[in-house]
Every structure is written in C-alpha cells, then in structure tokens.
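The values are calculated or read from the model by the stated rules, or taken from the named source; none is laboratory data. Owing to the predicted nature of the structure, the values given are computational and were not obtained by experimental measurement. Glycine gets a Cβ as well: all are built from the backbone with ideal geometry, and neighbour counts include every protein chain shown.
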C-alpha cells in the first residue's frame, strides 16, 4: 500500500508492500554503495535499509518505469530521531526545545541517482512533497543534519537556520560521513511554507520552472490533496 501523488511521487509507509519498500532501498544502495562507495553494512544484496525504516515514511520519485530519487521522513512522536543518536547536545536540543512531539520530524536519506540530477526535477518534487505532506499532518518543525562543505548553502536555503553551530561527525554503523550541523525550519508560521519552497527550489529550478509552469505555480499553493493508490 502506498499513497500516490501527482508528479510521479509515491509515499511509502512502513506497512507498505515489501516490493515497494525495496525500490526505495535499492536506490540507496545504488547511490551510497555503488556510486559513493560508503563503507556501510549491507544486510541484503542490492538493498540498503536500517531500523528507522520501520517507523518512517519514504518518498519515492519515479519517471516512467525508472525509480530516480527518494527521501525519508521520521516523526518524533514515533520515537527518537536519527540525529538524536549523533550528539548528546543535539539530543538535548530536540528533547527540550520541542514540547509537542507530534509537530516534529526529521528529513534524511535525500538522494537522487546520477541519471536524475540533470534537470533537478527529482529534487524539486521530493522536497515539495515532503513539506506538503508534513503540513497535512501538522508536523511543521523540520530538522535535518546539513553537511558542512559545498552543500552548506543549499541546506541553508532549504531550512533557513542553523539551530546549533556545533560540528558533529555524523556516524552510521561506526563510519563517519563527515561533519554536519543541525538545521531547522518552522513552516507553521504565516507564509513560511511559501518562503521556504521558493528559497529551496529557486537555485535548482531555472530549467524546470521554464518548462513546467504548472508545478511552479503549485509551489505557491498549500494543502495539495493525496490520492489513494
């Protein structure tokens, strides 16, 4: 079971079919293992997943019969977030700053295969759908670990603020992925969803907006509906 939205996005739930979840895990393997050569433990040949997938939703972007990109969203109401395992300071910030666990979520595993990076369509659709879905369930406090380096400006455009300047070595299964900062955005405030969507996508949508005016116009509209698959 999944929820199919327009623009080639499928929302994959923990109780979705194994075949649907494996499509997400296969993209992760292709990018993190085959392409980036990260030394992460693999429990299933050609698939990459972890314990957080049992309580998270994943967005899957496909075009035709090709799966191109994915993103994971974990909600604080369902237990600790992955970022809370990375630093005692980050854990304290999340635990004390946000009193309503229902309003907090984490974005991670935001990846697009090399074949989909040319037009920025996958990135734009995934990010827009993530914010739209979280708005629909009132999870308007979004946290993410932003990698320090060439992606810093990109994360700032998306999340708007660095909630903590401490540099943390992000570690998965004993392997450091580099230094990260804790990013935050509250799109429950008036006009924040619109501002975030514009700033997050402007730099990557020059081509896409010129050729897909309908999607660009939809960036200014909150509350897009979901259609059952």
note = residue 13 meets each of (1) surrounded by 14 or more Cβ atoms within 10 Å (Cβ to Cβ); (2) under 19 Å from residue 122 (Cβ atoms); (3) out of contact with any helix residue (DSSP H, G or I) (no Cβ under 7 Å at 6 or more places or on another chain) with one exception, condition (2)
request  = Count, please, the residues in region 39-66 that happen to be surrounded by fewer than 20 Cβ atoms within 10 Å (Cβ to Cβ) and assigned to a strand (DSSP E or B).
outcome  = 5
task = List every residue pair whose Cβ atoms sit under 7 Å apart, with the two residues 6 or more apart in sequence or on different chains, where the first one lies in region 110-125 and is assigned to a helix (DSSP H, G or I) and the second, anywhere, is at pLDDT 80 or above and surrounded by fewer than 18 Cβ atoms within 10 Å (Cβ to Cβ).
result = 114/35
inquiry  = Looking at region 69-105 only, could you name the residues that are under 15 Å from residue 164 (Cα atoms) and touching a helix residue (DSSP H, G or I) at 6+ places or on another chain (Cβ under 6 Å)?
reply    = 83, 84, 90, 91, 94
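Does residue 73 meet the test of being modelled with pLDDT of 90 or more, in a strand (DSSP E or B) and either surrounded by fewer than 17 Cβ atoms within 10 Å (Cβ to Cβ) or in contact with a strand residue (DSSP E or B) (Cβ under 6 Å, 6 or more places away or on another chain) (or both)?
Considered against the rule, which asks whether it is modelled with pLDDT of 90 or more, in a strand (DSSP E or B) and either surrounded by fewer than 17 Cβ atoms within 10 Å (Cβ to Cβ) or in contact with a strand residue (DSSP E or B) (Cβ under 6 Å, 6 or more places away or on another chain) (or both), residue 73 comes out as yes.
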